[in-house]
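The values are calculated or read from the model by the stated rules, or taken from the named source; none is laboratory data. As the structure is a computational prediction, the values presented were derived from the model and not from experiment. With ideal geometry, Cβ positions are generated from the backbone for all residues, glycine too; neighbour counts draw on all protein chains shown. With ligands, DNA and RNA removed, areas are computed over all heavy atoms of the protein, side chains included. Shrake-Rupley method; radii C 1.70, N 1.55, O 1.52, S 1.80 Å.
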Amino acid sequence: MAEDSRPDPDALLAAIQKSEAATKRGKFKVFLGMAAGVGKTYSMLRAAHRAQREGVQVLVGFVETHGRKETEALLAGLTILPRRKVEYRGVTLEEMDLDALLARHPQLAVVDELPHTNAPGSRHAKRYQDIIELLDAGIDVFTTMNVQHAESRVDTVRQITGSTVQETVPDSVIDCAEMELIDLPPEDLLKRLDEGKIYMPERAEQAMMNFFREGNLNALREMALRLAADHVGQDVHDYLQAMQITGPWRSGHRLLVAVSASPYSPHMIRWTRRLADNLDCPWLAVYVEQPQPLSDENQERLTKHLALARELGAEVITTADAGIARGILRVAHQQNVTQIVVGKPGGDGLLDWFRGGQLLRRLVRESGHIELHIVRPEAVEKGQRKRRWHLAGESSLWQYGAGLAVVGVCTGFNALLYTHVLPQALALIYLLGVVLLAFGVGRGPTLATATASALLWDYFFLPPRFSFRMEHVEDEMMFGMYFVVALVLGQFASRVRWQERAERRREERSTALYLLTSDLADAADVDEVAQRLVRQVAQAFKAKVAVLLRESGGSLARTAHRASTFPVSEKEQSVAAWAFRFGKAAGRFTDNLPSAAAIYMPLQTNRAPVGVLGVALEGDQQPTLEQRDLLNAYARQAALVLDRLRLDGESQQAQLLAESEKLSKALLNSISHELRTPISAITTAASALVDSKTPAALRDTLAHEIQESAGRLNRLVSNLLDMTRLESGNVKPRLDWCDVADLIDVSLRQNERELSHHHVALSLQQPLPLVRMDFVLIEQALNNLLLNAAHYTPPGTTVEVKASATAEEMTISVADRGPGLPPESLPHVFDKFYRAPGAPAGGTGLGLSIVKGLVEAHGGRVEARNRPGGGAEFSIHLPMAANPAPALEPVA
């Protein structure tokens, strides 16, 4: 069979989605250079002039000329946006006015220095985040960058130049850009530096002795060329994918890098990113949580490392396991990883070397077919290095104090028992204390307590007492075995305690998500969802919560939902609006508008945002990884529920619209028929009357036909007007005391012609009390019932009209001996435009609906039922009021 050459549906879908995203987003171009002074800004401004000559609206958002006259001359002729002034510690700083640039919304924005760090208080911490917002708004952007600022190249630059680059740009930002390399030979660049075209003379001399050495520049030039080449290779890959051209570019690699709180982790992350670029494959960053809790410093460092991995495009996974190697390999097998990246033991301490070597040996032994990359870590600054010796990992001092207290209690107790039992039995007391302590403290205190207890047992209780010397081999064996057993049991108990805590945390997370899911699933409307979401988040995070929902026009509400527990100021609302617009977390503890008082998470679905969740945490402690993940899960779950309610509302609206269209068609068809029939009869009869040849004997008949058709037409128009009045709520009964017998008599006389082919039987209770009602409205309702009986029952049958009263209500009924109503039609017979199956042609289906509306306007009710023996009965039930006082006879 020939090979199937049809395109891959998933690849087609990805290409379509990428194309749609590209059409909505602005175009991004980066002018890349190896170092300052190669002419990046100059080339960028020349390109902006070319675009302006081609009719493109260009606006300079921010350009730093550094006093270079050639660059300043190119600004002439371009529209320059005034800069925003920021006061910081008594110094006035100038920054790009992002809001003004978005408001002007040019076709092309020129923004220099992509890696720039914005002044504190700005919307974003970095300029590349400003540029991302411009691109998302559909604005094309030109910018500049040196190769040393690429996040994945930072370690290599530090190794080459000895300088640490502080301002970096994530590779994921550069990946979406068109790149133009501005190349200049190092000799020419050094010449420009010597001529003072880059820096002032004193600074130029210092630069030539450090960063701007020819060897450094050659290496940086090669890096810039390689980065540009890699970018071109990705463009070729995208082209092959779009054109469905098969080739060797589809690799099956999947990388995993182990991440920890170690200061060496950023180098490992960047190295893996570069390898993933070369192999064109996805990669994971995995953190394995250990029994020892992390200090606040290490927790913050770990959070930064995982955030760096996300910025560079990794899928971040956290797991818990007592063994790092076991956790890494478990995730690797679950995620189908082909290559694992770990660091070569780089610590200068014995404990670091032992731990690192043990990890590598186990990975090599148990990795199977998974390949290993063992990478030498780059040197880090002294301030970033870990302390080399932790007796308790990250345990606090109180745990050591507890260990000493346990040892002291056990020693005192053994002193009391010393004269009654053998010394070997006293070791069990110490062992019991070590095991019990291990369930409440970390490994370090457990190790210290086991060591201290062994030494004290030897010193105080093993002969010779008050000496560490042992006379018998049995005592030495006993001491060694005790020490090993105490360590093993202590470590085992500590591990059990950690596993129990890890399971408890997982259970708490699962329970919290379950409670939220079940709570939101029962919510009937958006208000109830907001109330329950606020309650659940407040309980889980011990924080104040605000919910802002999307309005009908598609924008975010200006005020928080009434269920919120903290007010959202105008400033905070603007932060929430940014998160809503761009679908990214903003506010406190984030890189977007970090000066806000709360974290704002967008309630985002695949289709559109439905609102924003604001969480104001207490204190200055950053949320942990688990808290961030849980908050993200809460936001996703709430967004799904809100989106489901919105879809349900749209579905109901669509059903109502379809039903309305169906009713409109039925009404149009019915009314057109009902109008056409009497109008045709009137037209025909009128034409015959005008004709002089029509016999005189037929003229009376024709006149009656015109009269009957006009009456029918009048009833139709009256029904339509009455239904309109009922639906608008303009029917206001004018209640007065009325005689029901008179009402029935008037209605029968008015419908005498229509009832002429039926026998009318009248059954009235004697005497009938007076009823407070609107005589005209109830007369119209009774007329509709009589006309309904006359129209839908065969000629010659009996139509019965009955009236009776109780203390609570008056009942007026019209019964017939026609075919009756189908049982399934009884609940719908009073609905608008409803016609029972098999009903004769004619009629609009409004008569009985009008009866219901008129009676309910009096506070009454209507009822329809089938009669025994055949036929239907329609009843009007009106509430009874206290009888009026009799009128007094005037005194003569």
If I model a spin label at residue 307 and residue 175 as a point 7 Å from the Cα along the Cα→Cβ vector, what separation in nanometres do I get? 2.0
Extension gain residue 518-residue 358, at 0.36 nm per residue separation less the Cα-Cα distance, in nm? 53.1 nm
Taking amide hydrogens as modeled 1.01 Å from N in the peptide plane, which residues meet the under 5 Å criterion relative to residue 341, leaving out close sequence neighbours? 256, 257, 258, 373
Estimated dipole of the stretch 757-871 in Debye, rounded to 20 [Cβ of Lys and Arg +1, of Asp and Glu -1, Cα centre]: 180
Separation between the residue 700 and residue 421 pseudo-spin-labels, each 7 Å from Cα along Cα→Cβ, expressed in nm? 13.2
Give me, ordered by chain and number, the residues 5 or more places off residue 126 or on other chains with an amide H under 5 Å from its own placed amide H. 118
Distance between the C-alpha centers of the stretch 555-606 and the stretch 428-471? Whole Å please. 56
Can you figure out the FRET efficiency of residue 280 with residue 618, using R₀ = 41 Å and their beta-carbon distance, to the nearest 0.05? 0.35
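How much length would be gained if the chain were fully extended between residue 737 and residue 229, taking 0.36 nm per residue of separation minus their Cα-Cα distance, in nm to one decimal?
Between residue 737 and residue 229, full extension yields 173.2 nm more.
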Which FRET efficiency value, to the nearest 0.05, do you get for residue 551 and residue 24 by plugging their Cβ-Cβ distance into 1/(1 + (r/R0)^6) with R0 = 22 Å? 0.50
Identify the GluC sites (Glu not before Pro) of the stretch 734-796 meeting these criteria: DSSP loop state and at most 13 other C-beta atoms within 10 Å of the C-beta. 752
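For a Förster distance of 60 Å, can you work out the FRET efficiency between the beta-carbons of residue 828 and residue 499, rounded to the nearest 0.05? Numbers along the way, then the final one.
Numbers: r = 64 Å, r/R0 = 1.06.
The computed FRET efficiency comes out at 0.40.
At most 16 other Cβ atoms within 10 Å and a DSSP loop assignment: could you name the trypsin sites (Lys or Arg not before Pro) in the stretch 535-594 that fit?
542, 558, 562
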Over the stretch 597-650, calculate the relative contact order: mean separation of alpha carbon pairs under 8 Å at least 6 apart, over the residue count, as a percent. 38
For residue 163 and residue 809, extending 7 Å from Cα along the Cα-Cβ vector and measuring point to point gives, in nm, a value of 9.3
Let me cross-check residue 149: its accessible surface, 1.4 Å probe, with only protein heavy atoms counted, in Å² to the nearest 10? 30
Between the alpha carbon centres of the stretch 53-80 and the stretch 845-872 the gap in Å comes to 81
Once ligands and nucleic acids are excluded and a 1.4 Å probe is used, how much of residue 221 is accessible, expressed in Å² to the nearest 10? 70
Would you mind checking 24/126; 29/69; 85/542; 24/69 for any pair whose Cα atoms are more than 29 angstrom apart? 85/542; 24/69
Amide H partners (placed H, <5 Å) of residue 603, local residues excluded: 610, 611, 612, 613
